[in-house]
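What follows is a short report on a single structure.
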Amino acid sequence: MSNVVSDLINDGVVAEAGLVGSDGGRPRTLIQVRGEFGHVVGVDIGETHVQIGLFDYTLQTLATATYSVAATRLEPEPVVRLVLAGVEEVVSAVGVETGALLGVGVGVPGAVQTGELVHAPTLGWSAVPLADMLRKELRVPVYLDNCARTLGQAEMWHGAGRGSRRAIVALLGVGVGAAVATASESFTGSFTGSFADMTSTTSTTSEWGHTVINVHGRPCRCGSRGCLEAYVGAEAILGDYLALPDAVPFEAGHTEARLAELVARAADGGSAAEVLDTVAEHLGIGIANLINLLSPDLVVLSGWAGQTLGPAILPAVREAVRRHALSYMYGQVRIEPGRFGQEAVALGAATLPVVQVLASGGVRAA
Ligand SMILES: [Zn+2]
């Protein structure tokens, strides 16, 4: 381990930051990541927005560009053009050359095959060679991963997940997903700050949104019925409200702004509040299932819709989970709002090139 660290120090990736006494053992050297080592870009390809963030090597945000997109079918080529425009916007805002980036990480709503091809049924994408399409234009390393996984990385490294042994990070948006992040014992305590979390977290994603919570329930866009996403996805929530006889049409045209309007209306009670109560119950059932299955110590409600809904529904969600989860499991879990909102997926995606450089001992990919 010390050889790896000295390589990283020599390459300017990390710096020594003093000593700490360990419990009975010899003092340990604290290592800090150096932000000035280089720049990375994180990209969130979502169903309501495409967001591009420029970060330093410690993942401090330097610039972001966000483009609203309609929650309808997105074609790969226009999405690539949006990403290229966004990268150009954030690097020129900070005065960095695109070619000098350590890499670009991209979070996508779907599965990534061999790190290259995107299968995203909700976007109508099948084996889209997104990494190659971006690499050809950007001429820097490009890494892809599922958006729930990149979101989970963001919350585990820098957000609400820090210190957790096993966390479930729920991504709430138009789609609903979850990342299960488990901290391994191996490196914890050897390093300080975000570096420890960077090297010690593994995560997997689940298609949590398509687990069934209602037998013979409403149709879901995946082709099944009664899926969680068909009840707590942002479009489903808005549709439930608008179907009520006393619903008032939204002023905003965009999904994200409409959900914020609904939450604001719910503060005055009425049918908006009833819709959110039902959302909390369904979400609580979905979370209780995860808790009974995986026994986490933390559940984080994240994603843009999680941030919008969280303050309004969190107490009711906790109460629903208490009623539906096994009591000894409920007793050992915390349910918390995410620390990041709309920017979480992009931030998490930016961890992909950071990890690659760390894993290669500070060597920049060609
Ligand atoms: Zn489904």
Original post:
Could you list, in sequence order, the residues of the stretch 214-254 that are in contact (Cβ under 8 Å) with a residue 24 or more places away in the chain, crowded, with 21+ Cβ neighbours inside 10 Å and under 19 Å from Ala170 (Cα atoms)?
Top reply: Leu228, Glu229, Tyr231, Val232, Gly233, Ala234, Ile237
Original post:
Quick one: is Leu74 modelled with pLDDT under 95, surrounded by 15 or more Cβ atoms within 10 Å (Cβ to Cβ) and over 19 Å from the mean Cα position of the chain (by Cα)?
Top reply: yes
**OP:** Go through the stretch 202-211 and give me each residue that's within 8 Å of the ligand (Cβ to nearest atom) and either closer than 14 Å to Gly284 by Cα or free of Cβ contacts under 8 Å to residues at least 12 places away in the same chain (or both).
**Re:** Gly209
Original post:
Does at least one position in the stretch 124-138 carry a residue that is more than 24 Å from Thr61 (Cα to Cα), without any contact (Cβ under 8 Å) to a residue 40 or more places away in the chain and assigned to a strand (DSSP E or B)?
Top reply: yes
**OP:** Could you list all residues from the stretch 299-320 that are in a strand (DSSP E or B) and of a type in the set (Val, Ile, Thr)?
**Re:** Val299, Val300
Subject >> Scan of the stretch 222-257 for residues that are within 16 Å of the ligand (Cβ to nearest atom), part of a loop (DSSP other than H, G, I, E, B) and within 21 Å of Glu274 (Cβ to Cβ), ordered by number >> reply: Gly226, Leu228, Gly233
**OP:** Just name the residue that is surrounded by the fewest Cβ atoms within 10 Å (Cβ to Cβ) out of those in the stretch 307-366 that are over 20 Å from the mean Cα position of the chain (by Cα) and closer than 18 Å to Phe55 by Cα.
**Re:** Ala365
**OP:** Check Asp132 against each of (1) farther than 17 Å from Leu352 by Cβ; (2) touching a strand residue (DSSP E or B) at 6+ places or on another chain (Cβ under 9 Å) and name the one condition it does not meet.
**Re:** (1)
**OP:** Evaluate the following for Arg323: is it more than 20 Å from Gly233 (Cβ to Cβ) and not aliphatic (A, V, I, L, M)?
**Re:** yes
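Residues checked against (1) closer than 21 Å to Asp297 by Cβ; (2) within 16 Å of the ligand (Cβ to nearest atom); (3) modelled with pLDDT of 85 or more:
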{"site": "Val118", "(1), (2), (3)": "no, no, yes"}
{"site": "Ala148", "(1), (2), (3)": "yes, yes, yes"}
{"site": "Gly177", "(1), (2), (3)": "yes, yes, yes"}
{"site": "Cys220", "(1), (2), (3)": "no, yes, yes"}
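The values are calculated or read from the model by the stated rules, or taken from the named source; none is laboratory data. This is a predicted model, so every value here is computed, not measured. Because the Cβ atoms are built from the backbone with ideal geometry, glycine has one as well, and the counts that use them run over all protein chains shown.
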